[in-house]
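Q: Following this message is one structure expressed as structure tokens.
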């Protein structure tokens, strides 16, 4: 009777040890996957926001040289802003919208005063950083 006890206890120990190892590895992998997803989301937003600001600068400098009535000139910034609207929070979207309207007004024949672009950019960067910090704090 005792001959079966040692192998059964050994097998039970192996099974329990395997389950503990499996559970701890799956938790580690889940955490690693979550960190990767957050890092990718942050990198995506940083690139998108950087592209938006770069295109803003390009168009403002172009408007200082010459106004353009061609609506195609705004196609790139409009596309980038549409992406921002899809993935960003309301504060980033609203500030981005103000910047987009500013750029549009700079290319308008009857230029409307849309505010100070430096202040708008600073506000956009602050809102974007806040959003990115909130994403990173979800770790």
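Every number here is computed from the coordinates shown, using simple stated rules; none is lab data. Quantities reported herein were computed from a predicted structural model and do not represent experimental measurements.
Q: Compute the acute angle (0 to 90°) between the alpha-carbon long axis of helix 90-106 and the principal axis of greatest extent of the alpha-carbon atoms of the chain; round to the nearest 10°.
A: 30 degrees
Q: Given only helices, namely DSSP H runs of n ≥ 4 each adding -39500 (n - 2.57), what is the per-residue ellipticity at 222 nm of the chain, to the nearest 500 deg cm²/dmol?
A: Value at 222 nm, helices only, nearest 500: -29500 deg cm²/dmol.
Q: With springs only between Cα atoms under 10 Å, which of 50, 18, 115 fluctuates most in a Gaussian network model of the chain?
A: 18
Q: To test your reading of the geometry: what angle, between 0 and 90 degrees and rounded to tens, separates the Cα axis of helix 2-65 from the longest principal axis of the chain?
A: The two axes meet at around 10 degrees.
Q: While we're looking at this one, here's another question. Pick from 16, 42, 103 the residue whose mean-square fluctuation is largest in a GNM of the chain, springs joining Cα atoms under 10 Å.
A: 16
Q: Separate question: Report, to the nearest 10°, how far helix 117-136 tilts away from the longest principal axis of the Cα atoms in the chain, using its own Cα long axis and a range of 0 to 90°.
A: Long axis of 117-136 versus the principal axis of the chain: about 10 degrees.
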